[in-house]
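J.: Mind having a look at this structure? Questions to follow.
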Amino acid sequence: MKITRNRHLHILSALLNADGPLTSSELANRSDSSIRTVKQDIQELNLALIKDGSARILSRKSLGYQLEVLDAEKYQTLYTNISVMQLLYQKTSIESMNRSLYILKRFLSDRSVSMEELADFFFLSKASFRDDFKVAVRFLASYDITVENAGKQIYRISGAEQDIRQAMVEVHASQYHNFETLYTYEPFNEEFYHERREYDDLRHAKPGEKPASAARARLTHGFFESVQSVRLCRSERLPPQRKGCRLHGHR
């Protein structure tokens, strides 16, 4: 089930953890929104839940809203996912983080991005996603990948191929991808095999240690060697500025 807004996340979390019905007013307080907005969100969430097959939202007159389980196994999966997402997006906007992830995928796949194209894709002004762009730039900088203005609102990245590959693995295997993301970029996805656990095995391997899996990315022949140092953040051999290289939702 795709969660597109933080307030949807708060509403679902409240309903999943409630002992009984919750009123619109209570949900409005939990999601920091108006009662009118909550009623609109409830309709949208109910359709998504029914499509997911896990639950549906019942409206009990004078009492409020309550979840009804449609499938116990799917409901448990929903509960687990929402609980994890609550922690993952506690201080981060779902929309903003997904925009940053998309910008990173464009940079790492195409080696350049156009601000005009991004604005058209997001249906936003360039100023509206400036902070999301900065998040992507800071992440790339932690891998010694620089972003340069090539003119005409086009930005290009430059850096060692090994660093670029490591950044790609981190973006691909970040915990945010345990859930359905808002934006996909197929050229980026095509660089990887479908089984992400193999990349997690590579990411968590100690420097110089051969991981259990025989996973290989289709990036370059040097991929296996490049990911051996993927624990850069915790390495005492590297300068302090490299220790923030993981995305917030790392595994």
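J.: Kindly establish whether residue 88 is among the aliphatic types (A, V, I, L, M) and touching a Phe, Trp or Tyr at 6+ places or on another chain (Cβ under 9 Å).
T.: Yes: the conditions hold for residue 88.
J.: With the condition kept exactly as written, say whether any residue in segment 171-189 is aliphatic (A, V, I, L, M), free of Cβ contacts under 8 Å to residues at least 60 places away in the same chain and more than 25 Å from residue 117 (Cα to Cα).
T.: Within segment 171-189, none of the residues are aliphatic (A, V, I, L, M), free of Cβ contacts under 8 Å to residues at least 60 places away in the same chain and more than 25 Å from residue 117 (Cα to Cα).
J.: Let me ask something additional. More than 26 Å from residue 3 (Cα to Cα), more than 18 Å from the chain's Cα centre (by Cα) and free of Cβ contacts under 8 Å to residues at least 24 places away in the same chain - does that describe any residue in segment 122-143?
T.: Step one: of segment 122-143, the residues more than 26 Å from residue 3 (Cα to Cα) are 140-143.
Right, trim to more than 18 Å from the chain's Cα centre (by Cα) and you get 141-143.
Next cut, free of Cβ contacts under 8 Å to residues at least 24 places away in the same chain only: 141.
Checking segment 122-143: at least one residue is more than 26 Å from residue 3 (Cα to Cα), more than 18 Å from the chain's Cα centre (by Cα) and free of Cβ contacts under 8 Å to residues at least 24 places away in the same chain.
J.: Here are the criteria: (1) modelled with pLDDT of 95 or more; (2) crowded, with 22+ Cβ neighbours inside 10 Å. Tell me which single one residue 121 does not satisfy.
T.: Every condition holds for residue 121 apart from (2).
J.: Any residue at all in segment 65-80 that is in a loop (DSSP other than H, G, I, E, B) and more than 29 Å from residue 161 (Cα to Cα)?
T.: yes
The values are calculated or read from the model by the stated rules, or taken from the named source; none is laboratory data. Since the structure is predicted, the reported quantities are computational estimates derived from the model, not experimental observations. Every residue, glycine among them, receives a Cβ derived from its backbone with ideal geometry; neighbour counts consider all protein chains shown.
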